[in-house]
Amino acid sequence: MSSPGVSGPRGAVLGVVGAVVLCALVATFVVTSSTGAGTFVLAAIGVASVAGMVWGCLVHRPRPLVAWWLLVAAGVGFLAGSAVRPWSLARSGAAHYLVDVLSLSGYLALLIALVKLARAHGGLRREVLCDVLIAGSAGALAAVQHLVVPLTLLPGRSVATSVVAAVYPLVDVLLVCLVIDLLFAAPRRRSYQLMLAAVIALLAGDVWYAAWGVRGELLPPLVVSTPFVAAYLLITAAALHPSQRRDAPAGARVADAWSWRRLVLLSVSLGALVLLLAISPAGGGSPLTRWAGVVTVALVLALLLLRAVSAVNGQARARALLAHRASHDPLTDLPNRDVLRQQLAELTAQAPAGQGRHWLFYVDLDGFKRVNDTRGHHAGDELLQVTGARLREIAGSGGTVARLAGDEFVVLAGGDEARMREIADRLVRELARPVRVAGTDAVVTASVGVSAVRSSAQTAMREADTAMYQAKKDGRGQWLLFDATMRSDQGAAVELELHLRHAVDEEALSCAYQLIVDIGTGRPVGAEALLRWERPLAGPVSPVEFVPLLEETGLINRVGLATLRRALLQLARWREQGLVDHDFRMSVNVAPRQLLDPAFADLVRAALAEAGVEGGSLILEITESSVLADSEVVMDTLLALRRMGIGLAVDDFGTGYSALSYLRTLPVTRVKIDRSFVANLGEDSGSDEALVRAVVAVSAALGLGVTAEGIETDAQREILRRLAVRHGQGWLWARAADAETVGAVLASWSRRALR
């Protein structure tokens with residue numbers, strides 16, 4: 001992980017100061033008339049430019065960072081080459097070429113940096129390289145015709161010196177093409193536009209320099225260095241531009257090989273090549289010039305052919321990839337529902353019945369939601385991928401595995417009834433094996449519904465789905481073969497979900513309230529809001545039946561928030577009526593899915609503000625699976641709720657898979673002992689009493705409150721009072737009732753307190 005960059009007001013001030021210094025140096029260079037002073041100022045500009053590039057890397061931390069450090073290295077190479085140029089050109093032998101070694105090292109670093117930037121933004125495809133080489137070929141021919149050959153004709157000038165001088169413009173052409181490709185990939189980056197201008201300035205400077213070389217001058221006037229000054233300025237501006245911040249949008253996109261931008265670049269390159277072949281430069285009749293033209297034309301034709309073939313193949317690959325993505329699940333790479341339906345349609349349209357048999361296995365993972373909620377979606381994705389791999393292995397080469405949605409899969413396989421039973425048994429057995437996800441083992445089971453593929457694909461899917469739901473209803477972790485008796489049961493389940501959706505849309509769900517009391521005195525200290533549903537023509541529906549359905553359908557977020565708002569408004573009304581004081585607390589249940597919503601804490605804050613109730617008067621009851629969720633979102637939400645003063649109670653404690661020691665690390669304030677442990681208090685075994693005693697002891701040590709649920713007898717109350725449990729709720733005091741009935745009870749207690 002990279003270290004954080006320099007930022008803040010200090011970084012901004014230093015950046016402004018550096019820019020002012022650099023501009024002052026440029027102004028001095030422009031107005032100076034002394035060669036010695038101008039050379040010194042040019043060197044100072046180079047040093048300031050390199051310092052600016054370093055500062056840009058430290059402040060913005062652009063990505064990929066190595067590419068920008070290579071640009072710094074390029075600046076150092078150019079600066080070193082400028083420093084030794086007068087001394088090097090005055091020497092002979094290897095020392096004469098030291099300036100070129102340093103300068104070309106800078107160009108090499110710049111070339112590698114641009115390649116890395118282009119690759120990071122999705123550029124440099126094969127056809128792009130062809131475009132770059134075609135443009136480079138035109139530049140090479142221009143260099144040979146107008147620089148290399150004329151330089152070789154100069155008296156006393158070695159061929160090596162002439163060739164090296166001609167390399168610079170050629171490299172500049174390649175750099176310009178690379179930056180143009182980079183702009184095609186990231187057109188909204190202003191820093192890359194500045195970089196293109198810098199490379200064009202380098203090209204202008206090198207061509208100007210080479211032109212003076214053709215005139216026989218190795219050290220041209222200082223004015224020839226003006227484009228290099230501009231290049232220094234522009235590359236520094238690119239490094240310091242805000243678009244280089246690592247959190248800035250890259251805007252990356254890969255231009256198509258036949259896009260108008262690429263075609264314009266290609267046309268300009270080919271036009272330049274035709275123009276070069278048509279004109280007659282000095283020495284145009286030399287064999288070197290003629291062979292350079294022949295080789296360039298042959299190379300360009302080969303590159304054009306390669307480009308066309310690559311582009312066509314690329315289009316074919318892209319179409320194949322799009323077709324694959326459209327027909328396969330992106331997470332598991334399994335065929336999707338459309339592919340499955342097509343295969344089922346082909347099977348049912350084939351040979352007459354009796355000439356072959358295929359079976360459809362509808363697989364649903366039991367407990368997948370718990371893994372997703374407690375360990376995060378990344379762990380859930382890992383589990384789905386492992387499940388897909390296991391299903392492929394079970395189905396074999398002759399079967400088909402598809403993922404429909406979520407944790408639902410389908411296996412299509414052929415064979416007789418014995419083969420069907422073998423596959424179904426193996427599905428249940430193999431999917432029950434532990435899966436290593438997020439560093440721990442996760443165990444889920446599978447409910448599998450099986451149907452024979454007969455008349456239509458739709459019928460087979462419906463029957464297998466019905467059998468799967470029946471397997472879940474009968475206990476999960478098993479498989480069932482569809483039979484006609486299941487059809488009516490599935491219809492009832494579908495009807496129940498439909499009616500529940502209508503009830504949610506029409507706000508037909510209601511709230512009942514059960515009082516929470518002081519066990520010693522029976523005085524109400526709070527109330528728990530409980531969701532109720534009166535189904536038309538069917539009567540009350542148990543929360544055990546419809547709440548899980550709310551969670552499965554994703555309606556729980558909407559219903560849970562509405563219940564919270566209703567409960568807080570009711571608490572505010574009881575306060576206005578003088579029935580309760582500010583120590584009276586309202587408890588509301590929260591589903592795990594709600595805690596996974598990053599906006600949940602803000603929604604709760606808004607509900608409190610709407611009702612005019614402070615956070616300390618609200619207790620949110622959460623399940624063990626919620627508070628044990630290995631999710632940063634859940635933990636951040638719980639901490640945000642605690643900062644508002646809201647109490648957090650672990651509901652039905654002891655029925656999950658947690659340990660008492662977990663309470664030490666969780667931001668909860670209260671534990672609610674499940675009714676299943678309260679119901680057996682006073683029996684001979686004493687095991688439940690020991691458990692309650694342990695919960696109370698640990699809670700007291702951690703400063704947590706304790707509430708017991710489901711108290712129905714005086715004996716249970718007395719044992720709990722003796723065990724120092726302060727708060728309880730149950731039928732011994734009051735059943736859950738509507739707000740008006742509970743209000744009457746509260747009014748009675750209020751009058752008693754006044755007396």
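The values are calculated or read from the model by the stated rules, or taken from the named source; none is laboratory data. Predicted model only: the values in this text are computed from it and were never measured. Cβ coordinates were reconstructed from backbone atoms using ideal geometry, including for glycine residues, and neighbour counts include every protein chain displayed.
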For Thr387, the lone unmet condition from (1) at pLDDT 90 or above; (2) within 24 Å of Arg357 (Cα to Cα); (3) among the hydroxyl-bearing types (Ser, Thr, Tyr) is (2)
What is the number of the single condition among (1) crowded, with 16+ Cβ neighbours inside 10 Å; (2) at pLDDT below 95; (3) under 26 Å from Ser750 (Cα atoms) that Ala527 does not meet?
-> (2)
Just to be sure, is Leu550 closer than 13 Å to His499 by Cα and assigned by TED's automatic domain parsing to the domain that holds Arg722?
-> yes
Can you tell me which residues in the range 675-697 are farther than 17 Å from Gly730 by Cα, among the charged types (D, E, K, R) and surrounded by 13 or more Cβ atoms within 10 Å (Cβ to Cβ)?
-> Asp688, Glu689, Arg693
Do we have Val176 as at pLDDT 70 or above and at negative phi here?
-> yes
Could you tell me which of the residues Leu571, Leu537 is in a loop (DSSP other than H, G, I, E, B) and either closer than 30 Å to Glu614 by Cβ or more than 27 Å from the chain's Cα centre (by Cα) (or both)?
-> Leu537
Please give the number of the condition Val410 fails out of (1) modelled with pLDDT under 90; (2) in contact with a strand residue (DSSP E or B) (Cβ under 8 Å, 6 or more places away or on another chain).
-> (1)
Residues in the range 581-617 that are part of a helix (DSSP H, G or I) and not small (Gly, Ala, Ser) total 11
Residue selected from the range 464-485 under the condition buried (at least 16 other Cβ atoms within 10 Å of the Cβ) and touching a Leu at 6+ places or on another chain (Cβ under 8 Å), by the criterion modelled with the lowest pLDDT = Gln470
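Each row is one residue, and each column tells you yes or no for (1) more than 25 Å from Glu551 (Cβ to Cβ); (2) among the charged types (D, E, K, R); (3) in contact with a Pro (Cβ under 6 Å, 6 or more places away or on another chain); (4) surrounded by fewer than 20 Cβ atoms within 10 Å (Cβ to Cβ).
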site: Ala345; (1), (2), (3), (4): yes, no, no, yes
site: Leu360; (1), (2), (3), (4): yes, no, no, no
site: Thr374; (1), (2), (3), (4): no, no, no, no
site: Leu383; (1), (2), (3), (4): no, no, no, no
site: Ala405; (1), (2), (3), (4): no, no, no, yes
site: Ala432; (1), (2), (3), (4): no, no, no, yes
site: Ala438; (1), (2), (3), (4): no, no, no, yes
site: Val444; (1), (2), (3), (4): no, no, no, no
Going through the range 407-430 one residue at a time, which ones are surrounded by 14 or more Cβ atoms within 10 Å (Cβ to Cβ) and of a type in the set (A, V, I, L, M, F, W, C)?
-> Phe409, Val410, Val411, Leu412, Ala413, Met420, Ile423, Ala424, Leu427, Val428
Looking at Trp68, is it in the same structural domain as Thr226 (by TED's automatic domain parsing), among the aromatic types (Phe, Trp, Tyr), in a helix (DSSP H, G or I) and touching a residue at least 40 places away in the same chain (Cβ under 8 Å)?
-> yes
Selection within the range 636-674 - assigned to a helix (DSSP H, G or I) and either modelled with pLDDT under 90 or crowded, with 20+ Cβ neighbours inside 10 Å (or both) | Asp636, Thr637, Leu638, Leu641, Leu660, Ser661, Tyr662, Leu663, Arg664
Determine which member of the set Ala708, Ala715, Ala700 is crowded, with 17+ Cβ neighbours inside 10 Å and within 23 Å of Pro524 (Cα to Cα).
-> Ala708
Within the group Ile516, Ile556, which residue is touching a strand residue (DSSP E or B) at 6+ places or on another chain (Cβ under 8 Å), within 20 Å of Ile619 (Cα to Cα) and not basic (Lys, Arg)?
-> Ile516
Count - residues of the range 385-403 that are of a type in the set (Lys, Arg) and buried (at least 20 other Cβ atoms within 10 Å of the Cβ) | 1
Tell me, which residue of the range 354-388 that is part of a helix (DSSP H, G or I) and without any contact (Cβ under 8 Å) to a residue 12 or more places away in the chain is nearest to Phe482 (Cα to Cα)?
-> Asn372
Hits in the range 46-73 (condition: within 17 Å of Val199 (Cα to Cα) and more than 35 Å from the chain's Cα centre (by Cα)) = Gly46, Ser49, Val50
